[in-house]
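Have a look at the structure below, then the notes.
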Protein chains: 2
Amino acid sequence: MLTYYNHLHSDHEGKVEMFRGALVPCFEVPARVDRVLAELKKRKLGTVLPPNPFDDSALLGVHSQRYLDFLRGAWDDWVALDPANAKRDALPSVWPVRTLRSDVLPDNFAARMGLFSMDAGSPLTDGTWDAARAGADCALSAALAVAGGKRAAFALTRPPGHHAGADFFGGYCFLNNAALAAQALREQGLERVAILDIDYHHGNGTQAIFYERADVFYTSIHGDPSTEFPFYLGYADELGAGAGLGFNRNWPLPRGSGFEVWHATLQQALQGIAEFDAQALVVSLGLDTFVGDPIAGFTLQTRDFLQVGADLARAGLPTVFVFEGGYAVADVGVNAVNVLQGFDQQAVVNKESA
Amino acid sequence: MLTYYNHLHSDHEGKVEMFRGALVPCFEVPARVDRVLAELKKRKLGTVLPPNPFDDSALLGVHSQRYLDFLRGAWDDWVALDPANAKRDALPSVWPVRTLRSDVLPDNFAARMGLFSMDAGSPLTDGTWDAARAGADCALSAALAVAGGKRAAFALTRPPGHHAGADFFGGYCFLNNAALAAQALREQGLERVAILDIDYHHGNGTQAIFYERADVFYTSIHGDPSTEFPFYLGYADELGAGAGLGFNRNWPLPRGSGFEVWHATLQQALQGIAEFDAQALVVSLGLDTFVGDPIAGFTLQTRDFLQVGADLARAGLPTVFVFEGGYAVADVGVNAVNVLQGFDQQAVVNKESA
Ligand SMILES: [Zn+2]
Ligand SMILES: [Zn+2]
């Protein structure tokens, strides 16, 4: 598995997040990616490369200019308010919900933090832009490798991306790596790209970015948003809109669901991708479906992830894997690499039987 | 000045609020109202009564049923999650901004907190509902007194109200007392009601509640929202919509503005109310325009508030005063009662010269 590793990921290291009315230590930590990298190397699962650099304009197919401008300058703006801020994360505290305007860009920094975010759980730090930006390069590099003929590639990066919208951060996500990969595949000439999101949490950002488009099919298996983050999107009645009607498909499952029901649902999601006649696949690879995850509620076992990888390979599509969630740090490396190894092994079988 | 005093206001006492990325002690404290009450009694400025009780249905002209249902049960829901929550305030941490849905009511409590709020600065406590509910009774009692022939009445209550929308809390506000008073005046048969908001902060909730109505004219003098809370509403180009076009008028002033410019702007706002031919006036009486306010930026002096009261009396309208912000606790009593006394003194002059 060709892997593009975000060598700047640890530049982003949040201190605290709002969780149930209190500030608590962040769940989304650098060790998550370190564990995956170590496991990849241990199993010698292919080449690990740094990302190729892309111009910021490569992000504009997914994110708005004013959001990128904000994100690039946010840390400096925060520290300019008060030099003591250099020692604390920036968190938003007010949001433009119903009846409040999003069209005006306020001067006030807290107001801009709120304008461009959806939660108080995603601290913005000194290195957030550099880490997220290099992560986008990983996703774009993986997409170009696959567009160029590679069977599959893996963007190993954090912060994750699938909750980030066109113009907001949230759910630990700043730039939507999976959306960037899908958009890059489209721009490389693949006409129909499917995104399969198997993170425990619905990828609200990814869904919203492509919701009115027929060329990118988004489908997700996730904890029922009525009880699970991100709460306000990911329901089964969201089928796309406008030209995109019919090109969005959600599979919410109750908290507590195990591999049997999850696996049966995966077959249905893959069936939808086959019916869409996708020419390439982007997998939002979250490992927080694992039974031991501290902020999720499915019960997948470590061995199940090998099976998941094999199933994905059987779809037979050029595939970009993008690392998303998974907060059981001690297990996330083995679980992630099980998916990739399961994929590689099945891909060999596919090829030999072709 | 007939005063309806919220005898339950101190049931609402938040511990911490999110402010610039950290949890800090609340600015909106019970002593604010205690000071005003003490000053009213000291100056013997008329009768102080408890509110008359109104049925919850009296709130439905302003707030949605599902919001009221949420707010009434929120504390019990919070404590049911974890008995230890009884000792901490509830604060939201995720919000349905752009592309996220507000039409689905999630089961998750944190999700419902976010669905029905606009910031992380408004802690919900054990007594929030009782205090806000009795405050609404104060506003309704004052409105009915004025509709019944009283020259003026004062709703002395907290938490304040003008940031609360039809279906969200925020900015320390839960039920919109000024909107409830205006709506009650309308239901008592007054055809055109004006709301003048002189709190330092724009009353986004009040504006939004009446934005498409021609029967309630909302006008506000406040700190420029580009730099001041609530940031996402209160700009000069907001003139109303639909049937309400032309019945909303904002007067944002730069942070640092003093009484000279503020007072000239007040004359323009009162001119708008005269042109509207209002039959009654509701004043959102915030005292955070005071130079000593810790979270605001105008420079009004204590003596200026006597002048403000006199100006309001010269409008010659039956007037409901509703207590809103003002966080310079040691001065808020004198400043608030200066407005009321200035009003009463001028009202006598008006009457004698009539
Ligand atoms: Zn997740
Ligand atoms: Zn205020």
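Brief remarks follow.
- Each copy carries a label point for A:ARG303 at 7 Å from Cα toward Cβ; from one copy, the others' points are 8.6 nm away, ordered from shortest.
- Spread of Cα-to-Cα distances over 10 Å intervals beginning at zero, given as percent, for the protein assembly as shown: 3, 15, 24, 21, 15, 11, 7, 3, 1, 0, 0
- Residues B:THR157, B:THR319, A:THR47, sorted so that the one with the fewest Cβ neighbours within 10 Å comes first: A:THR47, B:THR319, B:THR157
- Multiplying the residue separation of B:PHE19 and B:GLU191 by 0.36 nm and subtracting their alpha-carbon distance yields 57.8 nm.
- Distances from A:GLY148 to itself in the other copies, using label points 7 Å out along the Cα-Cβ axis, amount to 8.3 nm in increasing order.
- A quarter of the convex hull surface defined by the alpha-carbon atoms of segment B:34-147 gives 9.6 nm² as the mean projection.
- Cα-projected label distance for A:LYS351 with A:SER10, points at 7 Å along beta-carbon direction, nm: 3.3 nm
- Comment: the Cα-to-Cβ extended label point of B:LEU239, at 7 Å, lies 4.2 nm from its counterparts in the other copies, nearest first.
- Between helix B:304-314 and chain B: long-axis angle, C-alpha atoms, 0 to 90°, nearest 10: 70 degrees
- Among residues of chain B, the one whose beta-carbon sits closest to the B-to-A rotation axis is listed with its distance in Å as B:TRP95, 2.
- Inter-chain Cβ neighbour count for B:10-23, averaged per residue, equals 4 (cutoff 10 Å, partner chain atoms only).
- Relative to the longest principal axis of the Cα atoms of chain B, helix B:177-187 runs at roughly 60 degrees.
- Compactness of segment B:1-84 is given as radius of gyration and Dmax, 17.1, 47 Å, from Cα positions.
- 10 Å-binned pair-distance histogram of segment B:208-354 (Cα, whole percent): 11, 40, 37, 12, 1
- Zero-based 10 Å bins, Cα pair distances in chain A, whole percents: 6, 27, 37, 23, 6, 1, 0
- Across segment A:80-145, counting alpha-carbon atoms alone, Rg and Dmax equal 15.1, 44 Å.
- Amide hydrogen neighbours beyond the local backbone of B:SER117, cut-off 5 Å, H modeled: B:PHE169
- Hydrodynamic radius by Kirkwood, which averages 1/r over all alpha carbon pairs of segment A:220-274, in angstrom: 11.8 Å
- Taking only Cα atoms of segment B:45-97, radius of gyration then Dmax in Å: 16.2, 46
- Estimated translational D of segment B:170-228 in µm²/s (Stokes, Kirkwood radius over Cα pairs; 20 °C; 1.002 mPa s): 177 µm²/s
- Exposure here means at most 14 other Cβ atoms within 10 Å; with GluC sites (Glu not before Pro) in a DSSP loop as sites, the longest stretch of chain B lacking them is B:1-190.
- Principal-axis tilt of helix B:65-81 within chain B, Cα atoms, nearest 10 degrees: 50 degrees
- Segment A:104-250: C-alpha gyration tensor shape, a/c 1.5 cut-off, then a/b vs b/c: oblate
- Counts of other chain beta carbons within 10 angstrom of each beta carbon in peptide A:120-129 average 2.
- Over segment A:100-179, the alpha carbon radius of gyration divided by the compact-protein estimate 2.2 N^0.38 Å works out to 1.27.
- For segment A:274-354, the mean projected area of the C-alpha convex hull, equal to one quarter of the hull surface, is 5.6 nm².
Only the coordinates and a few stated rules stand behind these numbers; no lab work does. Computed from a predicted structure; not experimentally measured. Backbone-built Cβ (ideal geometry, glycine too); neighbour counts: all protein chains shown.
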